Amino acid sequence: MTEPLLPAAQTPHVLDFISHSQAQTERIGMRLGQLLRAGDLVLLSGPLGAGKTHLIKGIARGLGYDGPVTSPTFVLINEYRADAAHGRLPIYHVDLYRVSDVTELATIGLEEIWLADGVCLVEWPERAAAALPPENLQIALSYVSETKRRLRLMPRGARYQALLATFKEATFG
Ligand SMILES: Nc1ncnc2c1ncn2[C@@H]1O[C@H](COP(=O)(O)OP(=O)(O)OP(=O)(O)O)[C@@H](O)[C@H]1O
Ligand SMILES: [Mg+2]
């Protein structure tokens, strides 16, 4: 008998741990970024100040991008560029905090971004839950103390389960 399908949050693939500093969060992001490839979608949820942007900064560093990483404000999307070793992939850093209505997404062309040949990193994905592709890596960040954050990585779909397995191996042995 085959096992019944479970939502990602109930599968053994979930990875849950504490980051003890901003620097550690960035290092974790860097490890993850090194494994990303064109078409990957990472959703980062958690309250204001949870560390989403710092984790994305690490991810961008892992892809060889050295420039500034800040939450996109008025434009909603920042575009960075991976280095040659990572195929000079476009890195799309999206922040949906200010989006109040899913119909707004059409006007910023977000769907084209998901279909494009880059890595897409989304803060505040819950603002667009209905419009998001179902396969992605969700990372939920939460506040533990002034310097500590809990990170919960939840893969949805085979690509992201494989990605998380590789990440686990590379990071924790
Ligand atoms: N372990 C940690 N990991 C990440 N950030 C931390 C940690 N400890 C403290 N911090 C601090 O928490 C803040 C996180 O800010 P950041 O902009 O990354 O949050 P955010 O989740 O993107 O918030 P927003 O929703 O406002 O964009 C920074 O000031 C950072 O220095
Ligand atoms: Mg942010």
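The criterion of at least 2 residues that are over 14 Å from the mean Cα position of the chain (by Cα), exposed (fewer than 13 other Cβ atoms within 10 Å of the Cβ) and of a type in the set (Val, Ile, Thr) is met by the following helices (runs of 4 or more DSSP H) wholly inside the stretch 73-173: 103-108. When you check Pro68 against the structure, is it in a loop (DSSP other than H, G, I, E, B) and near ligand 2 (Cβ under 10 Å from one of its atoms), yes or no? Here the answer is no, as Pro68 does not meet what is asked.
Only residues that are within 16 Å of ligand 1 (Cβ to nearest atom) and either more than 15 Å from Ala140 (Cβ to Cβ) or not aliphatic (A, V, I, L, M) (or both) were counted in the stretch 10-66, giving 29. In the stretch 12-36, which residue that is in contact with a strand residue (DSSP E or B) (Cβ under 8 Å, 6 or more places away or on another chain) and not in a helix (DSSP H, G or I) is nearest to Gly62 (Cα to Cα)? Here the residue is Leu36.
Every read-out reported here was derived from the displayed coordinates using simple, explicitly stated rules and does not represent laboratory data. Just so it is clear, the model here is predicted, and its values are computed rather than measured. Reconstructed Cβ throughout: ideal geometry from the backbone, glycine too, with neighbour counts over all protein chains shown.
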